[in-house]
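Written out below as structure tokens is the structure these notes cover.
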Amino acid sequence: MKSPSKKRVVPKMGNLGEVREISKKLKGSDVIFENREKIAEALMGLATAKITDILDWDSEGNVKVMDPRDIPEHALQSIRKIRAVPVGDSGKMQLEVEMIDKVRVLQMVAKSAGILDRTPESEKPSVIEINMVGPKNGKA
């Protein structure tokens, strides 16, 4: 008795995990490509922000946070954390301002600009393998 032939079912490619992930990455790269000027501008703003854009101090060393309306937008975006810490029992608060990691931002900018590209393989020094064979049984 013949068994009925089974029709082979081929899943749609869009439902497979790897294809879905690649599609998401391609769409994401289109968005990044279309907004590359805005992204570059934002990265440069983060890279050039200074603590003096946020804090002001006088000749006696008194430090104060500037009015947020006077702080440039790129400097506001570069603030990672602001924390108020009580100073003893005086009731006064000390502000700690932590900015983003500028080194990491500068690495991203340099990499995207091609500054951190590695040298081509042809310019790298060759590696030579050396096998050393010593005397057998301690005899030279």
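The values are calculated or read from the model by the stated rules, or taken from the named source; none is laboratory data. Computed from a prediction, not measured in an experiment: that's the story for all the values here. All Cβ positions, even for glycine, are placed from backbone atoms using ideal geometry, and neighbour counts span all protein chains on display.
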- prompt: For residue 39, are the conditions met, namely being free of Cβ contacts under 8 Å to residues at least 12 places away in the same chain, touching a helix residue (DSSP H, G or I) at 6+ places or on another chain (Cβ under 7 Å) and not basic (Lys, Arg)?
  reply: yes
- request: With a cut-off of at least 1 residues that are modelled with pLDDT under 85, surrounded by 10 or more Cβ atoms within 10 Å (Cβ to Cβ) and of a type in the set (A, V, I, L, M), name the helices (runs of 4 or more DSSP H) lying wholly within segment 1-117.
  value: 17-34, 102-113
